[in-house]
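In what follows, a single structure is set out as structure tokens and then discussed.
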Amino acid sequence: MREEPYSPEMLEKYYKMRGRAERQRPKPQPAAKAEAPKTEPEKKVEAEAKKVEAEAKGLELWKGKRIRVYMRNGEAFEGLLNEIWKYEFTLQTSNKTVLIMKHAVDYVEILI
């Protein structure tokens, strides 16, 4: 009969020395609780919260979509919204990429 090279005490000492306690088993996850159906006022509050969240994200929601940007000087650009930063964004038009400063935008039309 072959003996194991390390006793359980030696392994425990080794694990403690290496900064680990005994082998950790994953903790069981609690069962998901069933939610009660939402009332009409709760649904309205949730819809309003989603709307506020969408407004906060601004252009991020339309990244990768086609938009038309109307500038304060009367020009309009149409293209694919590529990248968005704090003060500007890029628009891929049919023949070039345009960097647009947000403060120069009058309004944006989404072309879905």
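For a straight C-alpha distance cut-off of 28 angstrom, the lysines reachable from Lys57 (same-chain residues fewer than eight places away being disregarded) are Lys38, Lys43, Lys44, Lys65, Lys86, Lys96, Lys102.
Principal-axis analysis of the Cα atoms of the chain puts helix 40-57 at an angle of about 80° to the longest axis. Sparse packing (at most 16 other Cβ atoms within 10 Å of the Cβ) combined with a DSSP loop state is found for the following chymotrypsin sites (Phe, Trp or Tyr not before Pro) in the stretch 33-112: Trp85, Tyr87.
For the chain, the longest principal axis of the Cα atoms and the long axis of helix 8-17 meet at an angle of about 40 degrees. Under a cut-off of 17 Å between alpha-carbon atoms, report the aspartates and glutamates in cross-link reach of Lys27, not counting same-chain residues fewer than 8 places apart. Counting by Cα, and skipping residues close in sequence, Lys27 has no aspartates and glutamates nearby.
The slack in the chain from Arg18 to Ala104, taken as 0.36 nm per residue of separation less the alpha-carbon distance, amounts to 25.0 nm.
No lab work stands behind these numbers, since they all come straight from the coordinates. Here the structure is a predicted model, which means the values were calculated and not measured. Every residue, glycine among them, receives a Cβ derived from its backbone with ideal geometry; neighbour counts consider all protein chains shown.
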